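The values are calculated or read from the model by the stated rules, or taken from the named source; none is laboratory data. Owing to the predicted nature of the structure, the values given are computational and were not obtained by experimental measurement. Heads up, the Cβs are rebuilt from the backbone with ideal geometry, glycines too, and the neighbour counts pull from every protein chain shown. For accessibility, only protein heavy atoms count, side chains too; no ligands or nucleic acids. Shrake-Rupley method; radii C 1.70, N 1.55, O 1.52, S 1.80 Å.
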Amino acid sequence: MPKYAKSAAEADQNLRDYCDEIGFDPEWVPAGKWDLSVGIAQNPEHGFEQARKTIDSDKEDIFKSGAKDARKAKLSGDPSGLLAAVKVHYSLKDTLVPTILKQCADAYVGGERINLGLGGSAMDADAYGELRDEWRQAAGLAGGGLFTEFVSHAPQDKAALGKGAVGGTLARRKVQGNLLVKINGVRFNMHVDIAG
């Protein structure tokens, strides 16, 4: 008999761990499909092995060129035209908002990791506060489009919270803010380093 989960929580955690192992973000799997995989992992006849195969299939589907073309077309048909709008908006065009949204959009089209880093030198806390205001402004331009659920988090000292490690690397996080947005239901998280 295959190994299987005794609870939905155990199945969910096992599948998330498997996604980490294969470098795939579970955020890419629609909620209904994820729930099916969790159910398969709990089924004594199928168990973890079959549930992991559904994750492998989801990952393969994401990276097919046809799927990338479809995501690109979806983004091009965004009813709000947000990417174009922020590039010319009087108070957003010279900010980091267009750059961040473009980076998220590129990751969406490419089926890439959902956790992104802004890069460059650490941002001053006041400048990050302004960026949070600009992020809220961009949310107002996105109404009815593919970009939804704009969220910004105040800076946190990740090291002090025990979240300083960056995956399995030697890199360490210190103070960091986060800007989040969903693109067609997939949540992206832009990490912004803040000067301490």
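Some notes on this structure:
- Residues in the range 46-72 that are acidic (Asp, Glu) and over 13 Å from ALA5 (Cβ atoms): ASP56, ASP58, GLU60, ASP61, ASP69.
- Condition check for ALA41: surrounded by fewer than 13 Cβ atoms within 10 Å (Cβ to Cβ), part of a helix (DSSP H, G or I) and at pLDDT 95 or above: no
- Residues that are of a type in the set (Asp, Glu), free of Cβ contacts under 8 Å to residues at least 60 places away in the same chain and open to solvent by less than 30 Å² (accessible area, probe 1.4 Å), drawn from the range 44-83: ASP58
- Among strands (runs of 3 or more DSSP E) entirely within the range 134-196, having at least 1 residues that are under 19 Å from ARG113 (Cα atoms), modelled with pLDDT of 95 or more and of a type in the set (Asp, Glu) singles out 147-157.
- For the condition touching a helix residue (DSSP H, G or I) at 6+ places or on another chain (Cβ under 9 Å) and of a type in the set (Gly, Ala, Ser), SER57 does not qualify.
- Residue under evaluation GLY66, criteria (1) modelled with pLDDT of 95 or more; (2) more than 19 Å from the chain's Cα centre (by Cα), criterion not met: (1)
- Which numbered condition LEU92 fails, given (1) in a loop (DSSP other than H, G, I, E, B); (2) at pLDDT below 95: (2)
- Residue match in the range 6-25 (condition: outside any helix (DSSP H, G or I), open to solvent by 50 Å² or more (accessible area, probe 1.4 Å) and over 30 Å from VAL109 (Cβ atoms)): yes
- Counted residues, the range 115-136 - those being crowded, with 19+ Cβ neighbours inside 10 Å and farther than 20 Å from ALA154 by Cβ: 0
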